[in-house]
Each structure stands twice: as structure tokens, then as C-alpha cells.
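The values are calculated or read from the model by the stated rules, or taken from the named source; none is laboratory data. Since we're looking at a predicted model, the values are computed, not measured. Note that each Cβ is placed from the backbone with ideal geometry, even for glycine, and that neighbours are counted across all protein chains shown.
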Ligand code: MTE
Ligand code: LUZ
Ligand code: MOS
């Protein structure tokens, strides 16, 4: 169960964009960016910059031969700002020089004359000012007004969740060179090679077939390179095309942090109604999403917030409205969970508030309202193969919640200044791109005459192990040694019209396409073998570990020999196949449909200890039962769960993206933006696979894993909150994440100066 990539990573042998050998004469680029968040460009003076020796060109909007437009869903974003700038860090000019130091120096010498315009950074203020990227959307089930009137308890509240920096190890970048006929070849660190191809073709004013994009692997993406890798590739291509030279652009870390978008911060309101028993009868939520200065993927992210606004619960009466608010921040973008986590944090806050006010346990309310088979989501889909209760039950079997509570209570009664808390987080996450058309992929498989196999798909390897999963699929079909199988780079000339590697769907979509293509080849090979062995029924032929079998009898024929025979028989040893997820649809005019092929399920418990004098805390343990389906690669899947959990805990606790009122990013380095390191990570992370849980909608019964585990991290906020309540029961703690140590202290001590331990 080795993941071959990790061996090369450790040896430093894996290549990323900046490691690839480039021709002598390759030029380096640097992006000159807006220093202000909103204004009109009155003049750009490049005299001083152009005088620097080694500067080859400074390109602006006027140099773009095609359309100066990079917007994916909505065409509202320029590659290089022409007349106005809308956020600090918006690209205005592209400096190309002999090396990056010169390019950077020249960029600093460009002088701008702006007429400043008002800056909005707050999504609620943007909504008030009518700065909406699209009209608000509402998902509805039942009738909340009638239902609230019948509730024994109704609570309202406000919830805030912050942004999150992707912090992929490899920063954004691309290398491009001109090719014969006016085209370009691009090596990009992107999750979406086709997005890069489309945007570059538009910028250069050439057809897509003149742009070839190749991705070997990327050093992490986490959503940050689903759409936002395109501008850097387009700039490198623009430089290459205009100067007729190879051009490389790698964003330095601080610039990457400053100018690229992040997870969307949300500000939300909730209203929850329950009966005395703790059943949730009605729920309303209003989400204000901070989209930043352009749409990017915000409208799709917002939609997923609505899809996941009730998390793992069945609520008969729901009304959720979401606003996509335009502000003067860098356009925010996809980030693991894609708006789902933001929606789930709000319903979990509403439940926590209800539990606190009603004097019930949160877990009791959570459990009482879990989804059952056939329950309807506010978007019309009824849940099938629902495993959320099974996960809950299994978790309780493994870890007696009463024992945990007792242990925590015992600790709290014998400690004055340190307090412990725990929280449970169920996760139900819809699997499919919510834009139905994106749920397609294809694969191209070649078998060479020496029996080695080459597989190209749309999937981009970004550390999530998708290549190993595709290899596993091919190996299962052919029953040959895995060393025979090579997963090729992701390339738009070999595999066209690809969806980005995103939505946790890469292994599903590309796995199915690979399976199909391999089965086509296997079918041909069986016929060749039957002929060779003089057997009538080619259906009786199988390959078992490199040997050809007739029924259950071993023959003398090996895979190598069979390939040779097929070749001399002039049988094609190449196959291409396409896969599209069946039975999914969504009607945006009604906001109803069946957007997801299936759901991912799991339940986690997080325990934390808070130092109530210093405000610091430790996440003690994370215990999870997760439905992995029948895993294609348990080592990778477990790693995905652990990584996602820690990333989720980071979002909820220590990772704080701060902008000042002028829209300047204050947390633009690792000194000011803290992410969980190995010392912060819980010593005890136990991820268990839900047993006997094949998924009929995944290749070989496997299940998507990339994003769902991030949401267990939400329990970290509530574990810390619960510990704080043990220190000071009457403490008014905002539903505001991240719960940084500063926020812990401010919450505990803002209103009273006298220490009053709760027990
Ligand atoms: N794991 C690593 N190591 N690096 C990444 O960039 N991205 C995550 C997840 N796991 C990511 C990762 C995100 S946001 C997604 S959508 C999925 O991987 C995408 O890959 P998959 O579809 O193959 O699961
Ligand atoms: N990207 C996308 C995604 O374009 N559509 C989605 O539904 C999605 N979901 C999760 C992550 N990325
Ligand atoms: Mo992941 S946010 O779908 O790239």
C-alpha cells in the first residue's frame, strides 16, 4: 500500500513547476500590483522601471491581444487592471526581465496616480450598499413561519467565520514557451488545466487548440488552484507570446498570500425552533458571504453553503437565504469544503445555543435530529444509503460518551485554571460538483508493446494520492503488477475538456473513466487470447496476476506474450473512455433537484484543554468514525482524513486572516498567520473506517474522501467553547471563529474583571 509519490517527495526528487529544467534564455516575470483597494487609474509611469538593465518588457492591459477577461462563471475580472482597481494586490502590470530580482526591482519603481474610491471590506455593508454579485438565493422546505409559532423554544443568533489561507507548499506559478504556429505550451501548477487553457486562449485571442497545458503534479492546491492558477499561466503565456521567449512566473510566498483569494469569510444570522423534546422543527439562516472584488467561484461556493445549511439533520421547515457580497478584498475562492463548512458552522452554533438555553446536552439534540433514510433535504433530494446514524452508533460503541463526559467533569472539578471540553461533530457532505455539467471525465490508456501501460486522465495529483487510486483501478481491471502502470501528466492535448480536480470527485470521475477504458482493452485482449488458445468462448478468459486463465485453468500465456500477439495481430492497444455521473440534476429556478450522486458520512469527537489564565489551549484528541466506502487505498484515505481534520481545526482555532479597513492584508507571512504544526496537532488522532460500507456509486465501491473530514475540525471550536463555559458559566461567548487565544481571553475577561470560577 505504498504511495510512490511520497518516496520521491522525501528524496527531493519530485519536480514542481520551478524545478523543471528551462531553456537557456528563459525570462522571469514579476507581477506589479495595486497598492490600494479601490480607485481609478489616472496614470501609470514606467519610465524608471524600464530604465533598469535587464528589463525586457512591462506589459499592461493595452498589450493583451485578446480579451482582458479571466472570469470563469461570471466575466467580471480583468487579468490586468485597465481603468480601475478593486483590491490591494490586483495585478496591473507584468514585468519580464532576465531574472526575478530585476523584475521585482523594476515593479517597485512603477509609479501610479490613482483617484481613490471608497473601500468596503464587510459583507453586510456591501449588501446594504447593494453590492451583490448575483441576486440572493433561497432554499426552502415546509413553512418556517407556521412552524416557529408551534415551537416551545425559539432562539436567534449571529455567527461569524473567518477566511483561511490555502498555504499550499508550492506557490502559484507557471512556465510558458511559444510554439510554432502562434501557440503556447504551458506548465502550470493548477487543479484545472482546462481552465488555464480556456483563459489563456481568451487572453491571447487564439483558439484553445493552440494552447497546451501540462501538469506533472502540484504542491498542494486545497481549492486555491481550482480557478486562481489561471492568471499566472496567462501572464507567462502573454510574455512568451509577445517576446517570443520562454517565460516563467513564480509568485513569492508573501505576494501569493497577499494577492490571491482565500476561504470566504461569512457573517450569518440564524433562528432555530425546537419542541421540549429537543426536536428541531424550524430553522432559518441568512448568509452574507464575503466574495471579494470579483465573482471567481463565489456563486458556486455560496450554493454549497445552502446545500449544507442543515448538515446531518432532518429539519422539516427550513428557509435559508444567501447573499454573495462584493467587497474590496482579493476575490475569495474554493477551499476544501467549498462553502459547506461555513454553512455547517452556523447550524452547529444554533444547536449549541439551543442546548445551552434549554439546559439540554448538545449531543442529545444532535442525535435526536439526525437524518434517516428517505429524509428530504431543503433542496429536494431524498437521502439514500444514509449512514449517519450508523456512524454515530459505532462511535458511541467505541467511545462511551458518558465516560468521556465523566472524565472531563472529573478533570474540571479538580482543576481551577485549566478546563476541558469536548464536542461531537456529525458530517454529511454531498458528493458531486453541484454544477451538473462538471461531473464528467475521460481517460486515455495505451499499452506499449513491452506490456507497460500508460494512463492519462483529467485528474491532477496534488498530494491527495489520486494517481495511486487510478493505478489501483487499472490494476484491478488488468490484474497485473502495479509497476507496469504509469500515470502520466495531466495534459489538455491528451485529455480534453476536463473538469478541475476538485469537489473530492477526481478519483470517482477519473477512476470510472479509467475503469471503462481499461475494460475496453481487456475485452480486446480476451478475444486475442481466445483465438490464440483456440477457445470458442472469450468470456471464459481472465487475467490473474499476469497469467491468462481459461475458466479457472492456468494457461501458458502471460500478459507480456498476449500483448505481443495482439500487436502482431494489428489489434489496437489504445482506448479512450468518457464517464458522466448518471441521475443527477438541479433546477435553479425551483432550487430543487438531485444534485449529489451520494453523500459522505462520519462523526467525530474533539477534546480540548484550555488554559483559562493565558487563553491558550491544546486539542487533546480527535476520534472519528468515517464512512470511506470500500477504500481503494486505506493508507491514503486515512492520511486525507487526518490532514483534513487538522486543516479544519486550524480554520476554527488559530488561522486568522486579518485585513485593515483599507483592505490591506495584515497577516501576510507565517509570523502573523499561524497554522497548526506538528506540536499543535493533537497527539491522539484516531480515525476508524466504518466497516462493511461499500458505496455502489464509486469505482469498486470506493467513496470520495478529500473534503469531508475537514468539517470534523468544527468540533474544536465547540470543545474550546465548552471548556471556557466550565471556567465561567455566565460568560457570553460569540459564535465567532477562529477561536484564537486572544479571543479566548477577551471572551473570558472582557466584561468582568473579577475571576469567578464556575465550579
Ligand atoms: N490533499 C493534499 N495533500 N493536497 C491538496 O491540495 N486538496 C483537497 C483534497 N485533499 C488537497 C488534498 C481538496 S480541496 C480536494 S477537492 C480534494 O483533495 C481533491 O482531490 P480528490 O478529488 O482526488 O479527492
Ligand atoms: N467546485 C465546483 C467545487 O466548481 N463545484 C463544486 O460543487 C465544488 N464542490 C466542492 C469543491 N469544489
Ligand atoms: Mo477542492 S475546494 O474542491 O479543490
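Values for this structure:
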quantity: Residue within the range 501-522 that is surrounded by fewer than 18 Cβ atoms within 10 Å (Cβ to Cβ) and in a loop (DSSP other than H, G, I, E, B) present; calculated: no
quantity: Residue match in the range 539-557 (condition: out of contact with any helix residue (DSSP H, G or I) (no Cβ under 9 Å at 6 or more places or on another chain) and within 30 Å of residue 595 (Cα to Cα)); calculated: no
quantity: Boolean, residue 95 is in contact (Cβ under 8 Å) with a residue 60 or more places away in the chain, within 30 Å of residue 24 (Cα to Cα) and crowded, with 21+ Cβ neighbours inside 10 Å; calculated: yes
quantity: Scope the range 439-461; condition within 28 Å of residue 171 (Cα to Cα) and out of contact with any helix residue (DSSP H, G or I) (no Cβ under 9 Å at 6 or more places or on another chain); matching residues; calculated: 456
quantity: Tally of residues being outside any strand (DSSP E or B), modelled with pLDDT of 95 or more and touching a helix residue (DSSP H, G or I) at 6+ places or on another chain (Cβ under 7 Å) across the range 469-497; calculated: 12
quantity: The range 185-210 residues that are over 14 Å from residue 490 (Cβ atoms), paired with ones that are within 16 Å of ligand 2 (Cβ to nearest atom) and part of a helix (DSSP H, G or I) (beta carbon under 7 Å, 6 or more apart); calculated: 199/230; 208/198
quantity: Test: residue in the range 466-477 that is within 16 Å of ligand 2 (Cβ to nearest atom), over 24 Å from residue 523 (Cα atoms) and in contact (Cβ under 8 Å) with a residue 24 or more places away in the chain; calculated: yes
quantity: Answer from 576, 544 - the residue that is in contact (Cβ under 8 Å) with a residue 60 or more places away in the chain and loosely packed, with under 15 Cβ neighbours inside 10 Å; calculated: 544
quantity: Test: residue in the range 629-638 that is part of a helix (DSSP H, G or I), surrounded by fewer than 18 Cβ atoms within 10 Å (Cβ to Cβ) and in contact (Cβ under 8 Å) with a residue 24 or more places away in the chain; calculated: yes
quantity: Lone unmet requirement of (1) in contact with a strand residue (DSSP E or B) (Cβ under 9 Å, 6 or more places away or on another chain); (2) away from ligand 3 (no atom under 16 Å from the Cβ); (3) on the phi < 0 side of the Ramachandran plot for residue 311; calculated: (3)
quantity: Search result, residues across the range 250-295 that are within 27 Å of the chain's Cα centre (by Cα) and on the phi > 0 side of the Ramachandran plot; calculated: 292
quantity: Whichever residue in the range 192-220 is surrounded by fewer than 24 Cβ atoms within 10 Å (Cβ to Cβ) and in a strand (DSSP E or B) and, among such residues, is nearest to ligand 3 (Cβ to nearest atom); calculated: 214
quantity: Condition met for residue 649 (closer than 30 Å to residue 435 by Cα and crowded, with 18+ Cβ neighbours inside 10 Å); calculated: yes
quantity: Sole exception among (1) crowded, with 21+ Cβ neighbours inside 10 Å; (2) over 16 Å from the mean Cα position of the chain (by Cα) for residue 223, by number; calculated: (2)
quantity: Residue ID - surrounded by the fewest Cβ atoms within 10 Å (Cβ to Cβ), chosen from residues in the range 296-317 that are more than 17 Å from the chain's Cα centre (by Cα) and part of a loop (DSSP other than H, G, I, E, B); calculated: 316
quantity: Extreme residue, nearest to ligand 3 (Cβ to nearest atom), among residues of the range 428-450 that are closer than 13 Å to residue 507 by Cα and assigned to a strand (DSSP E or B); calculated: 431
quantity: Within the range 154-190, considering residues that are in contact with a helix residue (DSSP H, G or I) (Cβ under 6 Å, 6 or more places away or on another chain) and more than 28 Å from residue 460 (Cβ to Cβ), the one nearest to ligand 1 (Cβ to nearest atom); calculated: 159
quantity: Matching entry among 312, 349, 298 (being touching a residue at least 24 places away in the same chain (Cβ under 8 Å) and under 27 Å from residue 35 (Cβ atoms)); calculated: 298
quantity: Count - residues of the range 328-356 that are part of a loop (DSSP other than H, G, I, E, B) and either more than 22 Å from the chain's Cα centre (by Cα) or not assigned by TED's automatic domain parsing to the domain that holds residue 275 (or both); calculated: 1
quantity: Single unsatisfied condition, residue 485 versus (1) over 22 Å from the mean Cα position of the chain (by Cα); (2) within 16 Å of ligand 3 (Cβ to nearest atom); calculated: (2)
quantity: Yes/no for residue 235 being in a strand (DSSP E or B), touching a strand residue (DSSP E or B) at 6+ places or on another chain (Cβ under 7 Å) and within 23 Å of residue 95 (Cβ to Cβ); calculated: no
quantity: Hits in the range 341-372 (condition: crowded, with 19+ Cβ neighbours inside 10 Å and either out of contact with any helix residue (DSSP H, G or I) (no Cβ under 9 Å at 6 or more places or on another chain) or at pLDDT below 95 (or both)); calculated: 347, 350
quantity: Yes/no for residue 453 being surrounded by 15 or more Cβ atoms within 10 Å (Cβ to Cβ) and away from ligand 3 (no atom under 16 Å from the Cβ); calculated: yes
quantity: Matching entry among 487, 548 (being in contact with a strand residue (DSSP E or B) (Cβ under 6 Å, 6 or more places away or on another chain) and within 16 Å of ligand 1 (Cβ to nearest atom)); calculated: 487
quantity: Residue, nearest to residue 617 (Cα to Cα), within the range 671-683, restricted to residues that are without any contact (Cβ under 8 Å) to a residue 60 or more places away in the chain and surrounded by fewer than 17 Cβ atoms within 10 Å (Cβ to Cβ); calculated: 679
quantity: Test: residue in the range 3-12 that is surrounded by 12 or more Cβ atoms within 10 Å (Cβ to Cβ), part of a loop (DSSP other than H, G, I, E, B) and at pLDDT below 95; calculated: yes
quantity: Answer residue from the range 268-283, given it is surrounded by fewer than 22 Cβ atoms within 10 Å (Cβ to Cβ) and part of a strand (DSSP E or B) and is farthest from ligand 1 (Cβ to nearest atom) among those; calculated: 271
quantity: Residues of the range 695-712 satisfying the condition of being part of a loop (DSSP other than H, G, I, E, B) and within 12 Å of ligand 1 (Cβ to nearest atom); calculated: 698, 703, 704, 705, 706, 707
